[in-house]
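Step one of this worksheet: look at the structure below.
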Amino acid sequence: MRVNGKWYFHCLIPALLLLALCGCGKSAESAEHSFFALDTYITMQATGPDAEAVLMAAEEQMQARERQWSVTNPDSEIYAINHSDGNMVEISLDTAKLIQFALDMSAQTDGALDPTIYPVLTAWGFTTGSYQVPDQDTIDELLSAVDYRNIHLKDSSVTIEDGVQIDLGAVAKGYIGDEVADLLREQGVTSALINLGGNVQTIGTKPDGSLWRIGVRNPFADGNLGVLQVEDMAVVTSGGYERYFTDEAGNTYWHIIDPKTGYPADSGLVSVTVAASEGKRCDALSTALFVMGPEQAADYWRSCGDFEMLLVLADGDIWLTDGLNNTFTLSEKDTNGEVTVIRHETK
Ligand code: AMP
Ligand code: MG
């Protein structure tokens, strides 16, 4: 075959340049990676060019966020805020954004989500594992400082009032899941599943084009209550079964606290699963809706409508929003509860 010199320069070189620029020269690979961080076992799988290296970078990002946002690490920014004795603390822009998001969601949920609940959680022993039921005077005293409006954020400085302590555990994992999904997408990943212990983030579909299957845990027994099939979505569950203790009389106390009472949320719900495009919104809402209870959660969904949810009630019944009706498959063997579809009111 005769190679025309002109053709060579006009077509082949630009084509090679284009290939080099857009990285199209690398074929997609699939990789998996698991590790422990953020107080949970994290698993990731991804398909894209250099997927393995991208997952390593994702782990590095998550470990860095843990160092920055851990409530117990004396080097973290959250620790510095909690030990500031009412003085102003300079924080990074990233931490300011996370706090601002938590404050916005606290306001939107009328304080059902409240990052200042931390001292109450500590009194119950949820931060140390030394569980106890605090006496009412202790709860009342601690509750007097619980109010997200006691956090004053301005640009990248924050002041919390004396006696206030914050914990972003109810929103940070969702926030970090979004960040990691963005990182993966930027690196050309077209298909991925990131599971931060109940906080699931998906990119695209499975490599074979089918939907990701996300199990919704059965709060009453081992195994799944059913499966959600999704693509390009986050799915986050808050469940009473995740961390709890039982007293001598057989009462169960779990780690999601109602900021109005200082007691574990007794709202009639045992788990809340939220699906939406952003993991941080799912995470904030799953905790807040758990506190609100089924009726108020349904009203909240009707007023916003930018997410879907699946509620498991204490009696085993399941309420799910319209948009999940065809997405959720109930596992026949594991439930006796009745399924109700929540719809927008049509008057
Ligand atoms: P999640 O698993 O996302 O529902 O978050 C639960 C965690 O958030 C708990 O382990 C506490 O650290 C914290 N938490 C508990 N109750 C609340 C609340 N009402 N508002 C904000 N954070 C909470
Ligand atoms: Mg949450």
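Nothing in this text is a laboratory measurement; each read-out follows from the coordinates by a stated rule. The structure displayed is predicted, hence computed values, not measured ones. So basically every Cβ, Gly included, is an ideal-geometry build from the backbone, and we count neighbours across all protein chains shown.
General observations
- P(r) weight above 24 Å for the range 235-347, C-alpha pairs, percent: 24
- Reported value for the chain: 192 Å³ per residue, from the convex hull of its C-alpha atoms.
- Ordered by the count of other Cβ atoms within 10 Å of each Cβ, fewest first, 255, 83 give 83, 255.
- Descending principal axes extents, the range 62-216, alpha-carbon based, whole Å: 58, 36, 30
- Note on the range 150-250: the alpha carbon radius of gyration divided by the globular reference 2.2 N^0.38 Å gives 1.44.
- At 1.567 mPa s and 4 °C, Stokes D of the range 130-205 from Kirkwood alpha-carbon radius, µm² per second: 81
- As a proxy for reagent exposure, 263, 253 were ordered by neighbouring Cβ count within 10 angstrom, fewest first; the result is 263, 253.
- Total charge dipole magnitude, the range 212-347, about the Cα centre, Cβ charges on Lys, Arg, Asp, Glu only, Debye to nearest 20: 240
- Ranking of 69, 254 by count of other Cβ atoms within 10 Å, fewest first: 254, 69
- Summing Lys and Arg as +1 and Asp and Glu as -1 over all other residues whose Cβ lies under 13 Å from the Cβ of residue 296 gives a net charge of -2.
- Note: relative contact order over the chain, using C-alpha pairs below 8 Å and six or more positions apart, is 14 percent.
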